[in-house]
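J.: Okay, handing you the structure first.
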Amino acid sequence: MLNLDTHVLVFALGDSLRPGERSLLASERWSISAIVLWEIAKLTQLGRLSLDLDDHDVVRVLGRVHVWPIDLDVARTSTRLDFRGDPADEIIAATSVVHGIPLVTRDRAIRESKVVPLALDA
């Protein structure tokens, strides 16, 4: 199982993945932190993302993705990471740490972390 950050999930929904990401995601089950759904809805509301959350295909894909809750362990871990960034990114990274699930991300700060398990082929 892989944990996808918001941008990678959006790239997957829009068929804009890099070849390495595409092959990696094709072979594993996807998961996301619950905050990713909020981030997508908010970015859409603000007009920074053009995605129809009512589209049948989008709903179908999202329905197959495992969603990790933001629980106390994730919240505490997000404050103990070896990088600082957007709070949503910290929650996403902490989700990977707590559940031991490799994160697929393009975010440089997260990719430089020595704590967050990463899907290195991305």
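Yes or no, residue by residue, for (1) in a helix (DSSP H, G or I); (2) in contact with a Ser or Thr (Cβ under 7 Å, 6 or more places away or on another chain):
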residue: 84; (1), (2): no, no
residue: 90; (1), (2): yes, yes
residue: 95; (1), (2): yes, yes
residue: 109; (1), (2): yes, no
residue: 115; (1), (2): no, no
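J.: Do any residues in region 75-94 that are touching a residue at least 40 places away in the same chain (Cβ under 8 Å) have Cβ atoms under 6 Å from those of residues that are loosely packed, with under 15 Cβ neighbours inside 10 Å and of a type in the set (Val, Ile, Thr), where the two are at least six apart or on different chains, and which pairs are they?
T.: Here the result reads none, with nothing in region 75-94 linked to a residue that is loosely packed, with under 15 Cβ neighbours inside 10 Å and of a type in the set (Val, Ile, Thr).
J.: Any chance region 55-70 includes a residue that's aliphatic (A, V, I, L, M), farther than 24 Å from residue 22 by Cα and either touching a Ser or Thr at 6+ places or on another chain (Cβ under 8 Å) or modelled with pLDDT under 95 (or both)?
T.: Yes, there is a match, as at least one residue in region 55-70 is aliphatic (A, V, I, L, M), farther than 24 Å from residue 22 by Cα and either touching a Ser or Thr at 6+ places or on another chain (Cβ under 8 Å) or modelled with pLDDT under 95 (or both).
J.: Conditions: (1) exposed (fewer than 12 other Cβ atoms within 10 Å of the Cβ); (2) among the charged types (D, E, K, R); (3) touching a Leu at 6+ places or on another chain (Cβ under 9 Å). Residue 54 meets all but one. Number of the miss?
T.: For residue 54, the exception is condition (3).
J.: Return the pair list, or none, for Cβ contacts closer than 6 Å from residues in region 1-24 that are over 22 Å from residue 68 (Cα atoms) and touching a residue at least 60 places away in the same chain (Cβ under 8 Å) to residues that are part of a loop (DSSP other than H, G, I, E, B) and hydrophobic (A, V, I, L, M, F, W, C), at least 6 apart or on different chains.
T.: If the second residue must be part of a loop (DSSP other than H, G, I, E, B) and hydrophobic (A, V, I, L, M, F, W, C), the pairs left are 20/122.
J.: Okay, next question. Tell me yes or no: at least one residue of region 59-74 is surrounded by fewer than 18 Cβ atoms within 10 Å (Cβ to Cβ) and closer than 17 Å to residue 119 by Cβ.
T.: Yes - at least one qualifying residue is present in region 59-74.
The values are calculated or read from the model by the stated rules, or taken from the named source; none is laboratory data. Given the structure is predicted, the values throughout are model-derived calculations rather than measurements. Virtual Cβ from ideal backbone geometry, glycine too; neighbours counted across all protein chains shown.
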